[in-house]
Amino acid sequence: MSSIGTGYDLSVTTFSPDGRVFQIEYAAKALDNSGTVVGIKCKDGIVMGVEKLIQSKMMLPGSNRRIHSVHRHSGMAVAGLAADGRQIVARAKSEATNYESTYGEPIPVKELAERVASYVHLCTLYWWLRPFGCGVILGGYDRDGPQLYMVEPSGISYRYFGAAIGKGKQAAKTEIEKLNLSEMTCREGVIEVAKIIYKVHDEAKDKAFELELSWICEESKKEHQKSKALSAIMVNFVCSLVNSERWWYGVCTMDDGKDPEVIVVPSDLLEAAKTAATTALEEMDAD
Amino acid sequence: MEKINVDAPHSMGTTIIGVTYNGGVVLGADSRTSTGVYVANRASDKITKLTDNVYICRSGSAADSQVLSDYVRYFLHQHTIQLDQPATVKVAANLARLLSYNNKDMLQTGLIVGGWSKHEGGKIFGIPLGGTIIEQPFAIGGSGSSYLYGFFDQAWKEGMTKEEAEALVVKAVSLAIARDGASGGVVRTVTIDKDGPERKFYPGDKLQLWHEEMEPQNSLLDIWSGATAASPEPMRE
């Protein structure tokens, strides 16, 4: 699919005859190798999820976070080169605190997205800098309600109802389009995002992965809350109970003001939930 | 007879007031700008517009407060364009206090920022000399305000109507003018609510007279020009 630049792709300051900057397009390719990142805007907030592919079993569960809090009211999920992502997050944090120092109020999400996008774009203008090899899904809750933005390596930023980047982005986008987001609450959204991530995960190519989730909604008091135990324990939970059947068990236990926890559910409830989910999966397969 | 230094820095002795009411704010001020004991401007406008929905009352050094207001107006204008919405009173006040605080060794201004925004309703912020910012249901400032602390303690109440708030502000400025030599002239008010700002003007000689204040006497100018009908008998040896 990829067209060879043949000479016009050596520098980010060179245009090709048909008006493309190849280096930026190549930077976008870096995203396609990374785990899927999904974000949706529900009725009352934002939910983001990341399929974090695990390189080695030696890695501590919960390390190498892909979802970061930028400010109390906003968070960022990163796809692509992780180190590049750290830079962008650092910049976003700095912009957010700077804005609050000057204007006395938390940075509007639209403004934050514009500043992040400008910064990413800046690095595509000079020959002595390379473009960022990562895309970012930015979710926040301000005076105008919940908003979701996506910033690409080219510096383009748009506002979305639902967005996905990474390996399984096509499949994920298809799944998101099936959802009725305007009626969905964030509690339901968390389950849907988890479902989508599990669905687009390619068992054959990539073995182990961790699911990272975060939300900002009325329930979380409009503050960005990340899953901690949810990621590692959830995967273990699933693997131990399900014998590699691909289904999920969404435990929505994000309590007010605390980090989300996984509650070990009584076994009869577990059975009931398992049946329901398996049925749902069969219905999906039957389509 | 000591010489009057007309080149002394213009200072606004001043009385400035900002009061919230049910649905907006009322800002009020006197109109005297003095250089030493000389009144450089007896009809100055100390309530300055920052945006359509936020105004600022200025006291202290006239030059300092004017320049500071200009800066704040400039930053607010850019902020409004970027935000695509009217600015909040909080942001305006914050910008003003950052300038006031960071330049505290050079500036001498006491400010009251007041206005109305969709998200906050009516808000008043006091920014005294050092660059503190404090949100208050009402604020008073300037040299004349010393005489108003007790008055407001007694007369202020929560949830007034627009008419009550305006009457309170005019009465207060008028009382301060009566006692403070550095305040005088006319009373200006600006009332800001969801429908925008509204300016009112109260001439100095139409204000109520307080304790020991006298009716205006015929001035010699009036007598000599024949302006008054019943002129008193000129004095004889």
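The values are calculated or read from the model by the stated rules, or taken from the named source; none is laboratory data. Because the structure is predicted, anything quoted here is derived from the model rather than measured. Because the Cβ atoms are built from the backbone with ideal geometry, glycine has one as well, and the counts that use them run over all protein chains shown. Calculation scope for accessible area: heavy atoms of the full protein, side chains included, ligands and nucleic acids excluded. Shrake-Rupley method; radii C 1.70, N 1.55, O 1.52, S 1.80 Å.
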Most fluctuating residue given options B:L111, B:L99, B:L27, as computed from a GNM of chain B linking Cα atoms under 10 Å: B:L99
Farthest positive-ward along segment B:75-127 dipole, Cα basis, beta-carbon charges - from B:M106, B:G126, B:A92: B:G126
Estimated inter-spin distance, B:K104 and A:S182, nm [label 7 Å along Cα→Cβ]: 5.3 nm
Gyration tensor (alpha-carbon) shape descriptor, chain B, a/c threshold 1.5: prolate
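Tell me which chymotrypsin sites (Phe, Trp or Tyr not before Pro) from segment A:125-221 have a DSSP coil assignment and no more than 11 other beta carbons within 10 Å of their own. Walk me through the numbers on the way to the answer.
Details: sites: A:Y126, A:W127, A:W128, A:F132, A:Y141, A:Y149, A:Y158, A:Y160, A:F161, A:Y198, A:F209, A:W215; in loops: A:Y126, A:W127, A:W128, A:F132, A:Y160, A:F161.
In loop regions of segment A:125-221 (DSSP not H, G, I, E or B), the sparsely surrounded chymotrypsin sites (Phe, Trp or Tyr not before Pro) are A:Y126, A:W127, A:W128.
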Accessible surface buried once A binds B (1.4 Å probe; total of both sides; Å²): 1100 Å²
Cβ-Cβ FRET estimate between B:E213 and B:D7, R0 fixed at 25 Å, reported to 0.05: 0.15
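If you roll a 1.4 angstrom probe over the protein chains with everything in place, what fraction of the accessible area of chain B belongs to carbon and sulfur, to the nearest %? Spell out each step's value before the answer.
On the way: 6890 of 12960 Å².
With neighbouring chains kept in place, the figure for chain B is 53 percent.
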Members of B:K90/B:K206; A:K110/B:K157; A:K57/A:K199 lying beyond 32 Å, as alpha-carbon distances in this model show: B:K90/B:K206; A:K110/B:K157
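Please compute the average number of Cβ atoms from other chains found within 10 Å of each residue's Cβ in peptide B:88-94. Walk me through the numbers on the way to the answer.
Working: counts 4, 0, 3, 4, 2, 1, 6.
Going residue by residue through B:88-94 and averaging, the value is 3.
Can you give the mean number of other chain Cβ atoms that lie within 10 Å of the Cβ atoms in peptide A:140-148?
Numbers: counts 0, 0, 0, 5, 4, 0, 0, 0, 0.
Mean number of neighbouring Cβ atoms from other chains: 1.
For chain B, with every protein chain kept in place, what is the accessible area per residue (1.4 Å probe, Å²)?
Using a 1.4 Å probe on heavy atoms only, each residue of chain B averages 55 Å².
Which of the trypsin sites (Lys or Arg not before Pro) found in segment A:41-126 are loop residues per DSSP with 11 or fewer other Cβ atoms within 10 Å of their Cβ? List each step's numbers first, then the result.
Numbers: sites: A:K41, A:K43, A:K52, A:K57, A:R65, A:R66, A:R72, A:R86, A:R91, A:K93, A:K110, A:R115; in loops: A:K43, A:K57, A:R65, A:R66, A:R72.
Taking segment A:41-126 and a limit of 11 other Cβ atoms within 10 Å, the loop trypsin sites (Lys or Arg not before Pro) found are A:K57.
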Entries in A:K29/A:K52; A:K41/A:K195; B:K3/B:K171; A:K221/B:K118 that, when Cα-Cα distance is taken, lie over 26 Å: B:K3/B:K171
